[in-house]
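Data first, discussion second: the structure below is written as structure tokens.
Nothing in this text is a laboratory measurement; each read-out follows from the coordinates by a stated rule. Just so you know, these numbers come straight off a predicted model, no measurement behind them. Because the Cβ atoms are built from the backbone with ideal geometry, glycine has one as well, and the counts that use them run over all protein chains shown.
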Amino acid sequence: MGSCARLRRGNPASNVSATPTGAKLRQPNDRKTGLVGTEHNISPVPPDASDTRQKLLDAAARAFAEDGVFNASLIEITRQAGQRNRGALHYHFGSRDGVLCAVIDRHAAFLARREGELLEIASQDSDDDVAAVIEAIVRPAAELAKSGWRGRCCLLIIAELAGEDPAQYSDELQAVFARTGGNEVYALLATRMAAVSQDVRIERFALVTTFILRAVADRARLLGRRGRKGRRQLEYELFVQNLVAMAAAAMSAPGERLT
């Protein structure tokens, strides 16, 4: 995420290469399973289809955030959603990639709006103001985390995807990321960060994005945890400002020897 780690073709961080074996989101055969096509191969939609869809999305969000996008069991997601029909998830979303896109897409409009507002402010600042651009990543993420567990799960999911090779993203997933509005944020950041090689810039984008999203999500999780609270957390605004400062410093670190 901006806050949602927009690492895809066409943005400055488009070549991150950390794809685990077998972790591919592009599934060209998903549309050949009989889930799309003529009317006769589609089962009637049950009366509670909308409610079932939301339950599946909630269960998928939790599973992807806790177990990982590639490790989460689709059968277990269906079971946690209270569905006896093991094909319910494929009926509603078609594939793992389909439900993943739907989980992220629930928050795309909010992220696009907030990142756009903050990017407009950053664009009016001096050309060397890295922190203003970083704030367009940090603050929307922090606000999304405060919205509840669904927002926190979304951040953790995108943080994981930030470490993947965007070349493996399906067209649908790239489109969802584009709707979050992050391309413009990273394009501006590329013009203001330290002068480094393309490879180093991609690496910094991936690492800083993951750091920001996990820091925000973990803080919200700790604050919402019952019982043992762990270390004392900074007040919200101070936390945001400190995270912006840390990430901006990382992006501004001299890179003469890294080019």
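Report the charge-dipole magnitude of the range 163-259 in Debye, nearest 20, computed about the Cα centre from +1 at each Lys and Arg Cβ and -1 at each Asp and Glu Cβ.
On the way: 14 positive and 11 negative charges, 178 e Å.
With Lys and Arg at +1 and Asp and Glu at -1, about 860 debye.
Figure the gain on full extension for ARG79 and GLU120 (residue separation times 0.36 nm, minus the Cα-Cα span) and round it to one decimal in nm.
Working: separation 41, 0.36 × 41 = 14.76 nm, distance 4.41 nm.
Full extension from ARG79 to GLU120 adds 10.4 nm.
Set the Förster radius R0 to 25 Å, insert the Cβ-Cβ distance between THR191 and ALA109 as r into 1/(1 + (r/R0)^6), and round the FRET efficiency to 0.05.
Approximately 0.40, to the nearest 0.05.
If I take all pairs of Cα atoms in the range 167-259, what percentage of them are more than 23 Å from each other?
Of all Cα-Cα distances in the range 167-259, 41 percent exceed 23 Å.
Calculate log10 I(q)/I(0) of the range 93-225 for q = 0.10, 0.11, 0.14, 0.16 Å⁻¹, where I(q) comes from the Debye formula with a single equal point scatterer on each Cα and nothing for solvent.
-0.32, -0.39, -0.64, -0.84
Cβ neighbours within 10 Å, averaged per peptide: list 142-148, 240-246 in order, most packed at the top. Please report the intermediate quantities before stating the final value.
Working: 142-148: 19.0, 240-246: 17.4.
By packing density, highest mean first, the sequence is 142-148, 240-246.
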